[in-house]
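Read through the structure below, which is laid out as structure tokens, and then see the notes.
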Amino acid sequence: MDSLPIDQNLLDRFADIVGGRHALRDPNDIAPFVTEQRGLFSGAAHLVLRPGSVDEVSRILKLATETRTPIVPQGGNTGLVGGQMPDRSGREIVLSLSRLNRIREIDALSNTITAEAGVVLDTLHHAADGADRLFPLTLGSQGSCQVGGNLSSNAGGVAVLAYGNARELCLGVEVVMPTGEVFDDLRKLKKDNTGYDLKDLFIGAEGTLGVITAAVLKLFPKPKGREVAWVGLKSPEDALALLTLAQDKAGSSLTAFELITDVVLKFTTKHIPGSVQPLASEWPWHVLMEISSGRSAEDARALAEDILGAGLEAGIAGDAVIASSAAQGAALWKLRESMSHAQKPEGASIKHDISVPVAKIPEFIALAAKAVASVSPDARVVCFGHMGDGNLHYNVAQPVGGDAEAFLAHYPAMNRAVHDLVRGFNGSISAEHGIGRMKRDELIATAPPVATDLMRRVKAVFDPVGIMNPGKLI
């Protein structure tokens, strides 16, 4: 649908709340807020508001409810399912939280940090590090994604195995409701049984219930030792056996366990400058493993060597290398972090962000390959992800020399084939990216009716006029 005109007097009322400098109306200024990084989703807006205080957010939402003006909250605009994008009508106002970027408090004794929604994740990492603490949420987009978006999408990343996802890292929130009321729950309590845990309703809600403006987040002691290892294996079954062995020996010191197919490793070494194959020989599957010790560097090294030695002796691991320096460890992680970008030069890609029970991952991978072949026999499976928590980025690249448009025509059939299999394992079609616009219809069509009905009831109570991020999630 083409952009439609909007009441200019109403736009002026919204703009007056934040001031002219922070009310963007020029199409060139608005453009970065209505397009997203992969180019899959775009929208239109006559106004982008950039409030600088919670009071301004409150006044904006109060006016929006009174005038039934739809609002699309947006953080760093790094989402992959279109949850941060306005529609094409031009009727929706984008609410950018980027100016709410203060770290309000670091409490090293309580191991908490209180940050506003617009704080960039990298900035949060540096602030925690300055207090000799660790904030473990780690994402490929951490240089631009923001705290509010991380919470609204319940972000995951590579450290979920040891530390949990965004919901588990959050102790309290400050949220502006659609009515303009401020729900102040910025508490540091790890134990609180006084009724419903309301904060959890907003985490993962993708801005459909209210606007998160700040949060109290958990910090952890910085590891005193950290070892990164790369392992070559014959199969996902061997990777699962290695994961079990590593957990038995290292327990919570196993802080990452990433499964990687050789297909995407080859993409990465081919297309990402400076990337080098970690092992002397080729293997069909790989694991990137990290051990973190709270005791010492020597303890971390001993644990890593013990795990890999046992894995090699048992025939589970085919070959392995432990990073000899922090720089080499960073290089191994760069390989993993570059894998999303490395797929682009290979042509069109149909992507899936799924999770299944950890024990079922090998079986899922075997059956999914057959499902992919039934839709596009020459397509290339690009499977990698967080095996330790059951989350795989199960992507499918177009055949070599194939036509991108013809391949993308398979998108609905490929999604059906993979997602039907996921549901057969009682898994999830969205492990960490959210629902947004991309998966909304599928969620509604396939989720248990009671679940969708309950979500709609919650939405109606919190946002009775329906102004909050309409057309997303539910």
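Readers should treat all values here as calculations from the given coordinates under stated rules, not as data from a laboratory. Model, not experiment: these values are computed from the prediction. Because the Cβ atoms are built from the backbone with ideal geometry, glycine has one as well, and the counts that use them run over all protein chains shown.
Between rounded, prolate and oblate, where does region 8-96 land on the alpha carbon gyration tensor, with a ≥ b ≥ c its root eigenvalues, rounded for a/c under 1.5, else prolate if a/b exceeds b/c?
Working: a/c = 1.67, a/b = 1.64, b/c = 1.02.
It comes out prolate by the Cα gyration axes.
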For region 103-221, alpha-carbon Rg and Dmax in angstrom: 13.3, 40
Trypsin sites (Lys or Arg not before Pro) within region 212-269: DSSP coil, no more than 16 neighbouring Cβ in 10 Å: Lys224, Lys234
Most positive-pole-ward Cα, Ser153, Val211, Thr138, against dipole of region 88-225 from beta carbon charges: Thr138
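How many percent of all Cα-Cα pairs in region 278-401 sit more than 22 Å apart? Could you put the intermediate results ahead of the total?
Numbers: 3671 of 7626 pairs.
So the portion of pairs separated by more than 22 Å is 48 percent.
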Rounded to 10°, Cα long-axis angle of helix 262-271 versus longest principal axis of the chain: 70 degrees
Debye, to nearest 20: dipole size of region 347-434, +1 on Lys, Arg Cβ, -1 on Asp, Glu Cβ: 180 debye
Farthest positive-ward along the chain dipole, Cα basis, beta-carbon charges - from Gly347, Val54, Ser42: Val54
Options Ala302, Ala23, Ile474, ranked by Cα towards positive dipole end of the chain, top entry (Cβ charges): Ala23
Table column - 3J(HN,Hα) (Hz), region 359-370, Karplus curve with 6.51, -1.76, 1.60, x for Gly and Pro: 5, 9, 4, x, 5, 4, 4, 5, 6, 5, 4, 5
Dipole moment magnitude, nearest 20 debye, region 8-96 about Cα centre, only Lys, Arg, Asp, Glu C-beta charged: 100 debye
Lysine pairs in region 344-471 with Cα atoms under 25 Å, if 8 or more residues apart or on separate chains: 9
Cα-Cα separations in region 225-341 greater than 25 Å, expressed as whole percent: 17 percent
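Rounded to the nearest 500, what is the 222 nm mean residue ellipticity of the chain from helices alone, with -39500 (n - 2.57) per DSSP H run of 4+ residues and division by all residues?
Helix contribution divided over all residues of the chain: -10000 deg cm²/dmol.
Which value, to two decimals, describes the C-alpha radius of gyration of the chain once divided by 2.2 N^0.38 Å?
Working: Rg = 22.9 Å, N = 474, 2.2 N^0.38 = 22.9 Å.
Ratio of Cα Rg to 2.2 N^0.38 Å: 1.00.
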Reachable lysines from Lys218, criterion Cα separation under 18 angstrom, eight or more residues apart if same chain: Lys188, Lys190, Lys191, Lys199
Separation of alpha-carbon centers, region 63-85 and region 265-286, rounded to whole Å: 39 Å
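Taking the Cα centre of region 103-221 as origin, work out the dipole magnitude from +1 charges on Lys and Arg Cβ and -1 charges on Asp and Glu Cβ, in debye rounded to 20. List each step's numbers first, then the result.
Details: 9 positive and 15 negative charges, 53 e Å.
Its charge dipole is roughly 260 debye.
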Relative counts (whole %) of C-alpha pair distances in region 347-434, using bins that are 10 Å wide: 18, 55, 24, 3
Pairwise label distance in nanometres, His22 with Ser252, each label 7 Å out on the Cα-Cβ vector: 4.0 nm
Cα-derived Rg to Rh of region 84-164, Kirkwood definition: 1.04
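R0 = 51 Å: FRET efficiency of Lys334 with Gln8, Cβ-based, nearest 0.05? Walk me through the numbers before you get to the answer.
Values: r = 49 Å, r/R0 = 0.96.
My answer for the efficiency is 0.55.
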Vicinal HN-Hα couplings computed from phi for region 109-125 (Karplus, 6.51 cos²θ - 1.76 cosθ + 1.60; Hz; Gly/Pro x): 5, 7, 6, 9, 9, 10, 10, 7, 4, x, 5, 5, 4, 4, 4, 5, 4
